[in-house]
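The values are calculated or read from the model by the stated rules, or taken from the named source; none is laboratory data. None of the values given here were measured: they were computed from a predicted structure. Neighbour counts are summed over all protein chains in view; Cβ atoms, including those assigned to glycine, are modelled from backbone coordinates with ideal geometry. For the accessible areas, the whole protein counts, side chains as well, though only heavy atoms, and no ligand, DNA or RNA atoms are used. Shrake-Rupley method; radii C 1.70, N 1.55, O 1.52, S 1.80 Å.
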Amino acid sequence: MSRNFFLIGIAFFGMINGLFNQLWLIFALLYVQPLAGPLLFGSMSLTLMFASLMVSTATVILGGIPAAIYERVTGAQESNGVSLWIWLAGTAILALPAAGNFISIGL
């Protein structure tokens, strides 16, 4: 399978978790609002989207940690199919709490 398909899947699961995971989104919003609120002109919708972007980015980063550990242990110089599968599975597992909201609300 092409590397691009893995990266699209990883980004998809990150997006789903960032938009539909209410617990992480509220947690991020509580920290973003005092810090980025004045930078975003006090707009709650912009602050919410920034918090969603933070959760999406954190999902992709945290999902990649097991893949990075696998690459370090095996001594791989670049990502191979196995490490990309591990990264995709990690982001999918992190997006499981948001999957119910995604299915019920939909895009």
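Using the heavy atoms of the protein chains and a 1.4 angstrom probe, tell me the accessible area per residue for the chain in square angstrom.
64
For GLN77 and SER104, what does the FRET efficiency come to when R0 = 41 Å and r is the distance between their Cβ atoms, rounded to the nearest 0.05?
For GLN77 and SER104, the calculated efficiency is 0.45.
What's the ranking of 77-87, 47-57 by average number of surrounding C-beta atoms within 10 Å, highest first?
Averaged packing, sorted descending, gives the order 47-57, 77-87.
Calculate what fraction, in whole %, of the accessible area of the range 3-102 sits on carbon and sulfur atoms when a 1.4 Å probe is rolled over the protein chains. Kindly include the intermediate steps, with their values, before the conclusion.
Details: 4660 of 6140 Å².
After summing per-atom areas, the C and S share lands at 76 percent.
Taking the chain as the reference, fit the longest principal axis to its C-alpha atoms, fit the long axis of helix 3-20 to the helix C-alpha atoms, and give the angle between the two in degrees, 0 to 90, nearest 10.
So the inclination is approximately 30 degrees.
On a 0 to 90 degree scale, rounded to 10, what angle separates helix 96-105 from the longest Cα axis of the chain?
60
So if I average 1/r over every pair of distinct C-alpha atoms in the range 20-68 and take the inverse, what Kirkwood radius in Å does that give?
On the way: mean 1/r = 0.0888 Å⁻¹.
Value: 11.3 Å, from the Cα pair sum.
Quote the relative contact order of the range 3-102 in percent (integer), defining contacts as alpha-carbon pairs under 8 Å separated by 6+ residues.
Working: 109 pairs, mean separation 42.4, N = 100.
42 percent.
Helix 81-94 versus the longest principal axis of the chain: what is the Cα-based angle in degrees, 0 to 90, to the nearest 10?
30
Sorting check: for 12-24, 34-46, which peptide has the highest mean count of neighbouring beta carbons within 10 Å, and how do the rest follow?
With the highest mean Cβ count within 10 Å placed first, the list reads 12-24, 34-46.
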